[in-house]
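S.K.: The structure follows.
Laboratory data are not the source of any read-out in this text; all were calculated from the coordinates shown. The structure displayed is predicted, hence computed values, not measured ones. Cβ coordinates were reconstructed from backbone atoms using ideal geometry, including for glycine residues, and neighbour counts include every protein chain displayed.
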2 protein chains.
Amino acid sequence: MLSELTIKEFLEKIASEFPTPGGGSAAALSAALAASLTEMAANLTIGKKGYDDVEGEMKVVTQDALRLKSDLVAAIDKDSNAYNDVMTAINLPGNSEAEKHHREEKIQSGLKQATLAPMAVAEDAIQVMELAGKTVTKGNKNTITDGAVGVMMAKTAVLSALYNVKINLRTIKDKAFIDEISKQVKELEQNALQREKELLSNIDL
Amino acid sequence: MLSELTIKEFLEKIASEFPTPGGGSAAALSAALAASLTEMAANLTIGKKGYDDVEGEMKVVTQDALRLKSDLVAAIDKDSNAYNDVMTAINLPGNSEAEKHHREEKIQSGLKQATLAPMAVAEDAIQVMELAGKTVTKGNKNTITDGAVGVMMAKTAVLSALYNVKINLRTIKDKAFIDEISKQVKELEQNALQREKELLSNIDL
């Protein structure tokens, strides 16, 4: 598993001349980092003087951030695996009509998975944005930049994952699938940009 | 060293109830990820048909990205260490006037280091943006989203690091230092936002 690599090894693996892990896995890690910063900001609020009234809410934040982080860590691998499955399908034999048909089917189903993997990252990351935003507005004032960095890194993860969704949609043939996903992409993009502005508007730095 | 931890361990360490590693180290890692994506995009361009005319330029990109990545990996630790040094200074005894004076001096010099550490990350990250942008405009078309993710992650690293600079400036007393750094912060911020728009404007997704 990629998350079992050291940071140095993971960076080496990205930098290499192999296409995976690439931007999709980096997006998932970025969102996982944001979730971790959120967890820390909430942890540094719980039990602190002056924050008794948000303690319950911050406990929920730590639980939600923990769940999303664990999802996103798994997504670092899922994104790369989905891409590799498409590559495997592309290398299938295509000598007979039956083989060609089978190959094309495998490529198309692989591409759908390679589209849904970053889509799931974007959906998780937008939730992380909201949690990080909660620590910015209600959490320990000393962790305000950690929460703000969390919001920005999660937003970047949303947009990065959606870039990967959009480039894969180009090679998919199922029109209904394209339409449905494109609609969701647009909503997520607008939402991420809008919410970042709102969540960071309270920061006076 | 933090970069010797596995990704999972590093995320755990961020999420814990200790203030370091926090947003500053996450920003450095984000920029290092962007540098790695840039290296990959350039590596996947070198030697590929149709990209002979940019081969020399892409070789320079890989070298520059490699150098910045190595700087940024070191910065993951530097940022946390600088913060810890401030905490150590805060915990110095302050019983006599001499002790108070020594303590205040140590705090102030520690805060300057804790400001210059993310400043260096922001300066590296803005260079990574440019390199990632080069792979977007001139690199292998198949890596366009990796380069774009690199641009966005590096920009987020710039802004994240600058948040940490700005919050530390608040507690620094040296007016000339504050003025000089504040000027640089504003320039870097504007530059990062402007260049992101320009570098991503060529992408039609």
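S.K.: Express the Stokes-Einstein translational diffusion coefficient of segment B:98-186 in µm² s⁻¹, to the nearest whole number, given a Kirkwood radius over alpha-carbon pairs, 37 °C and a viscosity of 0.692 mPa s.
M.R.: This corresponds to a translational diffusion coefficient of 224 µm²/s.
S.K.: Tell me, what HN-Hα J-couplings in whole Hz come from the Karplus equation 6.51 cos²θ - 1.76 cosθ + 1.60 at θ = phi - 60° for each residue of segment A:179-195, using x for Gly and Pro?
M.R.: 4, 4, 5, 4, 4, 5, 4, 4, 4, 4, 4, 4, 4, 5, 5, 5, 5
S.K.: On to the next question. How much length would be gained if the chain were fully extended between A:Glu123 and A:Lys49, taking 0.36 nm per residue of separation minus their Cα-Cα distance, in nm to one decimal?
M.R.: Working: separation 74, 0.36 × 74 = 26.64 nm, distance 3.41 nm.
Separation in residues times 0.36 nm, less the Cα-Cα distance, equals 23.2 nm.
S.K.: Then there is this: Please give the charge dipole size of the protein assembly as shown, origin at the Cα centre, charges +1 on K and R Cβ atoms and -1 on D and E Cβ atoms. Round to the nearest 20 debye.
M.R.: Using Cβ point charges on Lys, Arg, Asp and Glu, the protein assembly as shown gives about 440 debye.
S.K.: Please give the contour-minus-distance gain from A:Leu92 to A:Arg67: 0.36 nm per residue of separation, less the Cα-Cα distance, rounded to one decimal in nm.
M.R.: Residue separation times 0.36 nm, minus the Cα-Cα distance, leaves 5.3 nm.
S.K.: Net charge near B:Lys59: determine it from the other residues with C-beta under 15 Å of the C-beta of B:Lys59, scoring Lys and Arg +1 and Asp and Glu -1.
M.R.: After counting each charged neighbour, the total is -3.
S.K.: Only counting other Cβ atoms within 10 Å, I'd like A:Ile172, B:Ile167 sorted with the fewest neighbours first.
M.R.: A:Ile172, B:Ile167
S.K.: OK, next. Kirkwood Rh, Cα Rg: Rg to Rh for segment A:1-121?
M.R.: Result for segment A:1-121 is an Rg/Rh of 1.19.
S.K.: With +1 on each Lys and Arg Cβ and -1 on each Asp and Glu Cβ, how big is the dipole of segment A:62-205 about its Cα centre, in debye rounded to the nearest 20?
M.R.: 200
S.K.: As a test of the formula, what do you get for the protein assembly as shown when each DSSP H run with n ≥ 4 contributes -39,500 (n - 2.57) and the sum is divided by the residue count, at 222 nm and rounded to the nearest 500 deg cm²/dmol?
M.R.: Values: 12 runs with 320 residues, N = 410.
My calculation for the protein assembly as shown gives -28000 deg cm²/dmol from helical runs alone.
S.K.: Report Rg(Cα)/(2.2 N^0.38 Å) for segment A:1-55, keeping two decimals.
M.R.: So the Cα radius of gyration is 1.66 times the expected 2.2 N^0.38 Å.
S.K.: Can you run phi through the Karplus equation (6.51, -1.76, 1.60; θ = phi - 60°) for segment A:12-18 and list ³J(HN,Hα) in whole Hz, with x for Gly and Pro?
M.R.: Running phi through 6.51 cos²θ - 1.76 cosθ + 1.60 with θ = phi - 60° gives 4, 5, 5, 5, 5, 7, 9 Hz.
S.K.: In addition: Just want the ordering: A:Leu200, B:Leu159, from fewest to most Cβ atoms lying within 10 Å of their own Cβ.
M.R.: A:Leu200, B:Leu159
S.K.: Right, something else. When chain A is turned about an axis onto chain B, which of its residues keeps its C-beta closest to that axis, and how many Å is it?
M.R.: Whole-Å result, nearest residue of chain A to the axis: A:Thr156, 2.
S.K.: At most 14 other Cβ atoms within 10 Å plus a DSSP loop assignment makes a site exposed; report the longest stretch of chain A without any exposed trypsin sites (Lys or Arg not before Pro).
M.R.: Numbers: sites that count: A:Lys49, A:Arg170, A:Lys173.
No qualifying site falls inside A:50-169, the longest such stretch.
S.K.: How long is the protein assembly as shown along each principal axis, judged by its Cα atoms, biggest number first, in Å?
M.R.: Ordered largest first, the protein assembly as shown gives principal extents of 90, 51, 34 Å.
S.K.: Sticking with this one: For B:Thr45, enumerate residues with amide H under 5 Å from its amide H, sequence gap 5+ or separate chain, H modeled in the peptide plane.
M.R.: Sorted by chain and number, the residues that satisfy this are B:Asn140.
S.K.: If you take the charge dipole of segment A:39-160 about its Cα centre, with +1 on Lys and Arg Cβ and -1 on Asp and Glu Cβ, which of A:Ala98, A:Ala75, A:Met40 is farthest toward its positive end?
M.R.: Of A:Ala98, A:Ala75, A:Met40, it is A:Met40.
S.K.: Can you compute log10 of I(q)/I(0) for segment A:56-132 with the Debye formula, treating each Cα as one identical point scatterer, at q = 0.26 Å⁻¹?
M.R.: For segment A:56-132, the Cα-only Debye profile gives -1.07.
S.K.: If you don't mind, another one. Calculated FRET efficiency, A:Asp204 and A:Arg170, Cβ-Cβ r, R0 51 Å, to nearest 0.05?
M.R.: 0.75
S.K.: Shifting gears a bit: Arrange the following residues from fewest to most other Cβ atoms within 10 Å of their Cβ: A:Glu198, B:Glu196.
M.R.: Fewest-to-most ranking of A:Glu198, B:Glu196: A:Glu198, B:Glu196.
S.K.: Okay, moving on. Could you give the distance between the Cα centres of segment B:163-205 and segment A:55-112, to the whole Å?
M.R.: That distance is 37 Å.
S.K.: Please name which of A:Thr145, B:Thr137, A:Ala117 has its Cα lying farthest along the dipole of the protein assembly as shown towards the positive end, using unit charges on Cβ (Lys, Arg +1; Asp, Glu -1) and the Cα centre as origin.
M.R.: Of A:Thr145, B:Thr137, A:Ala117, it is B:Thr137.
S.K.: Dividing the Cα convex hull volume of chain A by residue count, how many Å³ per residue is that?
M.R.: Details: hull volume 26.2 nm³, N = 205.
It comes to 128 Å³ per residue, whole-number rounded.
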